[in-house]
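Student: I have a structure here, written as structure tokens, and I will follow up with some questions on it.
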Amino acid sequence: MALSTAKIRSALSDGLLSFPITDFNDNGEFQADTYRQRIEWFVEHDVSSVFVAGGTGEFFSLGLEEYKAICRIAVETVAGRVPVIASAGRSVIEAKEFVKAAEEAGCDGILLMPPFLTECPEEGIVEYATRIMQSSPIQFIYYNRGNGILGAESVKQLAAQNSNLIALKDGVGNMAALNDIVKTVGDRLVYIGGVPTAEIFAEAYLSIGVNTYSSAVFNFMPDMANRFYKALRAGEKDTVTAIIKDFFIPFCRLRDEKKGYAVSLIKSGATAIGRSAGNVRAPLTMPTAEQENRLKALINANK
């Protein structure tokens, strides 16, 4: 049974969120046993909410049957300890299918991704999101990024039209625009930081009232990710600065060497600590051996 809206909002408002990578075997097929272990490991490391089949989980490359298995395994494994949020998106028709699958599996909410490919006017995005949100009573988080970016007035309209919209995840990193949304819409929504490697924006997010964010590096450095988040919330600036300088800046530089490495490096990091989830699926590519060695050195230096 899904958690209450109040419990979901509370978990999204305070605590570190993360997106587990999706386990594939050597043939590129979903691997359920290690995925189950990964979800349990996440919960054991005090994640506040688990976002399955998200961007880091390669939602864009998953089939519906794989998605159903991922949702079912996550819900069974988490067993109500924290919210389980799944993703949906692509076309309205496909999104409704994924939402239905997540709801039937017992997920607590949906992260609604931008529509596929085409450039979109804001009124069209509002209609797209509304049609999906009104297809189900499940709670929704709108992911403001890519070709689905909404301004403050459009977010306010979307929230007014859909009572089951409970949060907005920022995937842009435009602090002026996000601050406009936060101040315009107010506490009607929960606000989540969601740019790739969100820790690099964490101080700026916090300054405008965005208390938490999704951490991809939690997949291979959960203790460091938690230490950073706790230091951030406690105002321990020296610790925050040191971790950003020693880990996140060099990590982001490595990430920016090739498109898609915001996901690929996370899978490499998991392999480096002995928790491999296999390789990414095309169109993404894995890092080179030299890049993987640099990542391993960075991990070892910041344990």
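Student: Residue 178 is checked against (1) in contact with an Asp or Glu (Cβ under 7 Å, 6 or more places away or on another chain); (2) outside any helix (DSSP H, G or I) and fails just one. What number does that condition carry?
Tutor: (2)
Student: Please verify whether residue 271 is hydroxyl-bearing (Ser, Thr, Tyr), more than 21 Å from the chain's Cα centre (by Cα) and either closer than 25 Å to residue 31 by Cβ or surrounded by 14 or more Cβ atoms within 10 Å (Cβ to Cβ) (or both), treating the condition exactly as stated.
Tutor: Details: hydroxyl-bearing (Ser, Thr, Tyr): yes; more than 21 Å from the chain's Cα centre (by Cα): no; either closer than 25 Å to residue 31 by Cβ or surrounded by 14 or more Cβ atoms within 10 Å (Cβ to Cβ) (or both): yes.
For residue 271, the condition - hydroxyl-bearing (Ser, Thr, Tyr), more than 21 Å from the chain's Cα centre (by Cα) and either closer than 25 Å to residue 31 by Cβ or surrounded by 14 or more Cβ atoms within 10 Å (Cβ to Cβ) (or both) - is not met.
Student: Consider the stretch 3-39. How many of its residues are under 16 Å from residue 72 (Cβ atoms) and open to solvent by 50 Å² or more (accessible area, probe 1.4 Å)? If you could, list the steps in order and put the result at the bottom.
Tutor: So the first thing to find is which residues in the stretch 3-39 are under 16 Å from residue 72 (Cβ atoms), and the list is 20, 22-23, 30-39.
Next cut, open to solvent by 50 Å² or more (accessible area, probe 1.4 Å) only: 31, 33, 36-37.
Counting residues in the stretch 3-39 that are under 16 Å from residue 72 (Cβ atoms) and open to solvent by 50 Å² or more (accessible area, probe 1.4 Å) gives 4.
Student: Going residue by residue through the stretch 90-105, is there one that turns out to be surrounded by fewer than 23 Cβ atoms within 10 Å (Cβ to Cβ), of a type outside the set (Asp, Glu) and within 21 Å of residue 277 (Cβ to Cβ)?
Tutor: Yes, the conditions are met somewhere in the stretch 90-105.
Student: Name the residues in the stretch 32-49 that are of a type in the set (D, E, K, R) and out of contact with any Lys or Arg (no Cβ under 9 Å at 6 or more places or on another chain), would you?
Tutor: Matches in the stretch 32-49: 33, 36, 40, 44, 46.
Student: Another one. Given the criteria more than 18 Å from the chain's Cα centre (by Cα) and either at pLDDT below 95 or open to solvent by 10 Å² or more (accessible area, probe 1.4 Å) (or both), does residue 282 qualify?
Tutor: On the way: more than 18 Å from the chain's Cα centre (by Cα): yes; either at pLDDT below 95 or open to solvent by 10 Å² or more (accessible area, probe 1.4 Å) (or both): yes.
It is true that residue 282 is more than 18 Å from the chain's Cα centre (by Cα) and either at pLDDT below 95 or open to solvent by 10 Å² or more (accessible area, probe 1.4 Å) (or both).
Residue-wise test of (1) crowded, with 17+ Cβ neighbours inside 10 Å; (2) without any contact (Cβ under 8 Å) to a residue 24 or more places away in the chain.
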site: 118; (1), (2): no, no
site: 129; (1), (2): yes, no
site: 143; (1), (2): yes, no
site: 163; (1), (2): no, yes
site: 175; (1), (2): no, no
site: 181; (1), (2): yes, no
site: 189; (1), (2): yes, no
site: 195; (1), (2): yes, no
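Student: Which condition number does residue 12 fail, the rest of (1) in contact with a strand residue (DSSP E or B) (Cβ under 8 Å, 6 or more places away or on another chain); (2) more than 24 Å from residue 206 (Cβ to Cβ) being met?
Tutor: (2)
Student: I'd like the full set of residues that are more than 17 Å from residue 233 (Cα to Cα) and at pLDDT 95 or above, limited to the stretch 195-216.
Tutor: Selection gives 195, 197, 216.
Student: If you don't mind, another one. Given the conditions (1) over 30 Å from residue 36 (Cβ atoms); (2) without any contact (Cβ under 8 Å) to a residue 24 or more places away in the chain, report the number of the one that residue 227 does not fulfil.
Tutor: (1)
Student: Between a residue in the stretch 232-249 that is of a type in the set (Phe, Trp, Tyr) and any residue that is outside any helix (DSSP H, G or I) and open to solvent by less than 70 Å² (accessible area, probe 1.4 Å), which pairs come within a Cβ distance under 9 Å, given they are 6 or more apart or on different chains?
Tutor: So the pair list comes out as 247/221; 247/302; 248/197.
Student: Anything in the stretch 106-116 that is in contact with a Phe, Trp or Tyr (Cβ under 6 Å, 6 or more places away or on another chain) and open to solvent by 10 Å² or more (accessible area, probe 1.4 Å)? List them, or say none.
Tutor: Once the filter is applied, which keeps residues that are in contact with a Phe, Trp or Tyr (Cβ under 6 Å, 6 or more places away or on another chain) and open to solvent by 10 Å² or more (accessible area, probe 1.4 Å), the stretch 106-116 yields 113, 115.
Student: Could you go through the stretch 166-173 and let me know if any residue there is in contact with a Gly (Cβ under 7 Å, 6 or more places away or on another chain), farther than 23 Å from residue 4 by Cα and surrounded by 14 or more Cβ atoms within 10 Å (Cβ to Cβ). Give the derivation first.
Tutor: Kept after step one, since they are in contact with a Gly (Cβ under 7 Å, 6 or more places away or on another chain), are these residues of the stretch 166-173: 169-171.
Among the residues that remain, those that are also farther than 23 Å from residue 4 by Cα are: 170-171.
Within this subset, residues satisfying the condition of being surrounded by 14 or more Cβ atoms within 10 Å (Cβ to Cβ) are 170-171.
There is at least one residue in the stretch 166-173 that is in contact with a Gly (Cβ under 7 Å, 6 or more places away or on another chain), farther than 23 Å from residue 4 by Cα and surrounded by 14 or more Cβ atoms within 10 Å (Cβ to Cβ).
The values are calculated or read from the model by the stated rules, or taken from the named source; none is laboratory data. What you see is a predicted model; the values in this text were computed from it and never measured. Positions of Cβ are backbone-derived with ideal geometry, glycine not excepted, and every protein chain shown enters the neighbour counts. When the accessible area is computed, the model is the full protein with side chains, heavy atoms only, and any ligands, DNA or RNA have been set aside. Shrake-Rupley method; radii C 1.70, N 1.55, O 1.52, S 1.80 Å.
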